[in-house]
């Protein structure tokens, strides 16, 4: 398996975990468990680097850590596809779109925290997250087909 494909698989798995934990945070009502004051509570949790040992803050903070990890994986994946000029064009475009959208997702996540979770913004945040995941999966499909 090529490095670019391995990174993309890792990105897709991390994004799936991110969506799952994000859904748990939303359904559990833990979206403001780390607080809503930027920058004191975002990216920190209740003003600390680590969350208190309670379910809500741990769930929300886990979501933030997975978001950071997913963003890093997508960045590395985009770089790998950019460097490998033999990769399928459709796969490259999908990966680049997923990476650009995850940057928007980070901003949306910060806005959700700062504005104390208005439902319309939480919906936009979730819809964009699904687009990120969808483009990453599409990139994987195009990459697999292009061999």
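Between segment 106-133 and segment 43-73, the C-alpha centres lie 16 angstrom from each other.
Working from the Cα coordinates of segment 69-140, the gyration tensor eigenvalues give, after taking √(5λ), semi-axes of 27, 12, 7 Å in decreasing order. Against the chain, whose longest principal axis is taken from its Cα atoms, helix 119-145 shows a tilt of about 20°.
Spin-label pair residue 36-residue 79: with each label point 7 Å from Cα along the Cα-Cβ axis, the two points sit 3.7 nm from one another. Between the helical axis of 55-83 and the longest alpha-carbon principal axis of the chain there is an angle of about 20 degrees.
If R0 is taken as 22 Å, the Cβ-Cβ distance between residue 20 and residue 53 corresponds to a FRET efficiency of 0.55.
Placing one identical point scatterer on every Cα of segment 3-145 and ignoring solvent, what is log10 I(q)/I(0) from the Debye formula at q = 0.15, 0.20 Å⁻¹? Computed log10 I(q)/I(0) values: -0.71, -1.07. Compared with the dominant principal axis of the Cα atoms in the chain, helix 3-28 is inclined by about 30°.
No value in this document is a laboratory result; all are computed from the given coordinates. What you are looking at is a predicted structure, and each value in this text was computed from that prediction instead of being measured. Cβ: placed from backbone, ideal geometry, glycine included. Neighbour counts: every protein chain shown.
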